[in-house]
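One structure is given below, encoded as structure tokens.
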Amino acid sequence: MNAHAEAHGAHPPVANQSSRVDSRLLGIYFFIASEVMLFGAFFSAYFFARVAVHHDEWPPKPYELPVYATLLNTLILVSSSFTMHWALQSIKRNNRQGLIGGLALTFGLGLTFLLIQAREYTRLGFSPHDLAFGSTFYGLTGLHGCHVLIGLSLLAFALVRSIRGHYGPAAHDHLGVEIPGIYWHFVDVMWIVVYTTVYVL
Amino acid sequence: MRNPVRTEAEAFSFVIAVLALFVAVAVAGILAGGWIALVAFLVLGPLVFYRYFRSDPKTVEPAVWERDRSGGLHRILVVANETVAGRALRDEVVRRAGEDGRVLVVSPALNTRIRHWTSDEDEARAAAQARLDESLGALAAVGVDARGQVGDDDPIQAIEDSLRTFGADEIVLSTHPPGRSNWLEAGVVERARERFECPIAHVVVDLERERSLADR
């Protein structure tokens with residue numbers, strides 16, 4: 001045993017985390033900040049193509065976007081934020097059925113969103129090769145779709161763990177649901193912005 | 001101040017705020033065109049985000065820390081700013097510590113906001129250390145086993161940092177009297193009681209009154 005270990009009773013000293021945030025939360029801060037910058041780059045390309053390159057009608061004729069069908073899909077995704085919140089509130093009250101139900105519903109709604117988007121892609125009538133419009137449209141919505149897919153993977157892990165009896169009402173016992181929940185809400189926020197700017201305006 | 005990525009509940013509230021904002025922007029865009037939607041976003045965006053970020057957090061998770069019960073010692077965490085050397089605080093600490101109490105005095109390094117954000121805190125830390133030394137000297141003189149440290153300028157954060165290494169059984173928070181205390185105005189005592197699940201005593205130290213009494 002060296003002198004350092006002896007001084008601390010044969011085990012290392014307790015880490016002094018004097019940071020303002022928990023290190024795991026700090027990780028998700030940096031991750032989401034980098035994601036915002038990534039989406040920012042795609043939005044910049046989109047607005048450049050729309051405002052600086054195309055001075056006439058947007059979307060350029062003869063292309064059209066399924067605004068109302070995607071509105072329904074948007075409502076599905078926004079609903080999944082509510083079910084995610086329900087899941088977290090349930091585990092905080094030690095309601096495991098609520099946690100499992102909330103996570104399963106969130107997963108189902110997210111999967112439905114992704115399948116509808118995939119179906120929409122097959123019926124749009126244009127591809128990423130068609131003008132800057134097509135490239136930026138598929139770039140933005142595809143990037144978001146990838147994030148939904150990652151979110152679904154995280155939700156699947158959390159769902160399986162919750163079915164196996166993991167997680168508890170204490171704050172440090174359900175961080176494995178809390179962090180995917182934050183990520184899922186971020187995915188929702190980005191879609192609200194994407195839908196409004198790309199489909200509605 | 002709220003932080004949309006601190007907890008899921010905060011993130012959910014942020015979704016609602018963004019949803020409300022973009023519904024308004026979309027309506028403006030549908031009724032009056034894309035440029036009006038941009039104006040709506042530029043006008044409403046700061047309002048919505050200001051309201052969101054400046055409102056109180058929806059939920060505050062209680063802090064959890066390990067309380068070392070070995071030896072049966074009573075551990076008291078004392079947090080005080082300029083009042084750290086006040087007589088009223090010293091008397092209260094002496095009374096609570098008794099004969100075998102252990103005391104950790106934390107003096108937050110009070111700083112201006114601009115200096116805080118530019119990491120210019122040497123002066124603030126030096127001033128806090130000087131106040132702390134004076135307080136520790138006074139406590140030692142009356143036989144209290146106390147040690148001290150300079151803490152974060154946010155008193156709640158200073159408490160949380162201290163609890164990671166000092167498993168306090170109770171916390172004593174000292175402030176100036178109402179009307180002269182920034183901490184009271186910022187609701188520090190209420191926030192501490194909400195966040196830390198242990199007895200929290202609030203001691204008001206009137207330094208001006210103590211000085212005038214001493215001058216007589």
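The values are calculated or read from the model by the stated rules, or taken from the named source; none is laboratory data. Note that the coordinates shown come from a computational prediction; the quantities given were computed from them, not determined experimentally. No Cβ is skipped: glycine too gets one built from the backbone with ideal geometry, and neighbour counts run over all protein chains shown.
Observations on the structure shown:
- Only one of the numbered conditions (1) over 20 Å from B:GLY29 (Cβ atoms); (2) crowded, with 17+ Cβ neighbours inside 10 Å; (3) away from chain B (no Cβ under 12 Å) is violated by A:ALA41, and that is (2).
- Counted residues, the stretch B:157-170 - those being surrounded by fewer than 22 Cβ atoms within 10 Å (Cβ to Cβ) and touching a Leu at 6+ places or on another chain (Cβ under 6 Å): 1
- Single unsatisfied condition, B:ARG209 versus (1) closer than 17 Å to B:GLU82 by Cα; (2) loosely packed, with under 14 Cβ neighbours inside 10 Å; (3) among the charged types (D, E, K, R); (4) within 14 Å of chain A (Cβ to nearest Cβ): (4)
- Close pairs from the stretch A:183-201: first under 12 Å from B:PHE14 (Cα atoms) and facing chain B (nearest Cβ under 7 Å), partner at pLDDT 95 or above and assigned to a helix (DSSP H, G or I), Cβ under 6 Å, at least 6 apart: A:HIS185/A:SER81; A:ASP188/A:LEU77; A:ASP188/A:SER81
- Counting the residues of the stretch A:145-174 that are at the interface with chain B (Cβ under 10 Å from one of its Cβ atoms) and assigned to a helix (DSSP H, G or I) gives 2.
- Scanning the stretch A:106-128 for residues being within 14 Å of chain B (Cβ to nearest Cβ) and charged (D, E, K, R) gives a total of 0.
- Residues that are under 22 Å from B:GLU208 (Cα atoms) and among the acidic types (Asp, Glu) were ranked within the stretch B:78-131; the one that is modelled with the lowest pLDDT is B:GLU82.
- Taking the stretch B:73-181 and the helices (runs of 4 or more DSSP H) fully enclosed by it, the elements with 1 or more residues that are touching a residue at least 60 places away in the same chain (Cβ under 8 Å) are at B:87-97, B:155-163.
- Verdict on A:LEU103 being part of a helix (DSSP H, G or I), within 14 Å of another protein chain (Cβ to nearest Cβ) and modelled with pLDDT of 95 or more: yes
- Residue match in the stretch B:184-202 (condition: charged (D, E, K, R), within 18 Å of B:LEU89 (Cβ to Cβ) and more than 12 Å from the chain's Cα centre (by Cα)): no
- Among the residues of the stretch B:1-26, those identified as within 9 Å of chain A (Cβ to nearest Cβ) and surrounded by fewer than 18 Cβ atoms within 10 Å (Cβ to Cβ) are B:ASN3, B:ILE16, B:LEU19, B:VAL23.
- Those residues of the stretch A:15-66 which are of a type in the set (A, V, I, L, M), modelled with pLDDT under 75 and more than 26 Å from the chain's Cα centre (by Cα), in sequence order: A:ALA15
- B:GLY33 more than 9 Å from chain A (Cβ to nearest Cβ), on the phi > 0 side of the Ramachandran plot and at pLDDT below 85: no
- Check on A:LEU140, in contact (Cβ under 8 Å) with a residue 12 or more places away in the chain, touching a Lys or Arg at 6+ places or on another chain (Cβ under 7 Å) and at negative phi: no
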